[in-house]
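What follows is calculated from the coordinates using simple rules that are stated; it is not laboratory data. Just so it is clear, the structure is predicted and the values come from calculations on it, not from any experiment. Reconstructed Cβ throughout: ideal geometry from the backbone, glycine too, with neighbour counts over all protein chains shown.
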Amino acid sequence: MFDTTPIDDKPAARIDGLDLSQPLNPAVYPALRQALSNYPVLVFHGQNLDAGAFHDFTRGFGPLQEHVLHKYRHADFPGLSWLTNVAADGSVDEFGVRRATTWHSDGSYTADPPALGILHAYETPGSGGGTLFIDMGATFDRLEPALQTRLRELTGLHRHGAGPGGDMYDNSLADDQEENHRDVFHPAVTKHPDSGRDILYVNETHTHKFEGVSKADSVALVNDLIAQAVRPDAIYHHQWAPGDVLIWDERSTIHRGEGAYAPQERRIMLRAIVDRLT
Ligand SMILES: [Fe+2]
């Protein structure tokens, strides 16, 4: 149906042989879901989807989440949002360069975090502006057994931008839903519903405390876990080109934007967040 090529020893694979702008054989979706069990980031090159086609493709996985910030939502497809450093009047939005450059998994601050993130690049900077991914199943497997045992007993408190790496989000959720200003609780170790693997479900942007652990010790533990997770050799660093489509498993990865590009260079992508797989 399509070719799957692992990318070096990274938690990513390149998918060839599909034109995502065309209606897909329905069997493609479960096959991609299966591929995500082995490679939590799937990379497609040379795609060309307008917003309608991107909506159709992403909607094939399941219902899409509407972005909490109205200004980023696509006018015709509220399930799609713009990831851009270009403001509505065409000027450069400096926050767009820094946005989401700390490790996180999208929506971990919600009670029911989403399943997949999907991006399609239209304009990309000449250098920098990449996206970095870490497999949190592999991360958990690498931890010392005593730490694994301790983590299995812990529950993390997540709130938007409240983690030790979340400072940049001050005031960025003015028209947000109320739930994003409350703590939600997730076990520090989750089980992936498809692969059955243990996943370290902690991130530095939104995880700010563990139940029964002091604030200071919690922050130290979050920082230690993220430091162990983001070993340079474990990172899949995606350098974007126009036409790229990336699908990542939100349940088993953390990611961040690289930033590090000249703010006058345009970086424009469409994003879909798949709530749950159907
Ligand atoms: Fe993100």
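Of all aspartates and glutamates in the structure, the ones whose alpha carbon falls short of 12 Å from that of LYS209, not counting any fewer than 8 places away in one chain, are ASP183, ASP217.
Starting from the Cα of HIS237, step 7 Å toward the Cβ, then list every residue of the stretch 122-149 with an amide N under 17 Å from that point. Hits in the stretch 122-149 for HIS237 at 17 Å: 125-135.
In a fully extended conformation the segment linking ALA220 and ASP141 would gain 26.4 nm over its present Cα-Cα distance, using 0.36 nm per residue. Placing pseudo-labels 7 Å out from each Cα toward the beta carbon at ASN25 and LEU154 gives an inter-label distance of 4.5 nm. Along the stretch 245-251 the Karplus relation, 6.51 cos²θ - 1.76 cosθ + 1.60 evaluated at θ = phi - 60°, assigns HN-Hα couplings of 10, 10, 10, 10, 7, 5, 7 Hz to successive residues, with x for each Gly and Pro. With equal scatterers on the alpha carbons only and no solvent term, can you work out the Debye log10 of I(q)/I(0) for the chain at 0.07, 0.11, 0.12 1/Å? So the normalised log intensities are -0.24, -0.60, -0.73.
Excluding same-chain neighbours fewer than eight residues apart, the lysines reachable from LYS10 by a Cα-Cα span under 28 Å are LYS191.
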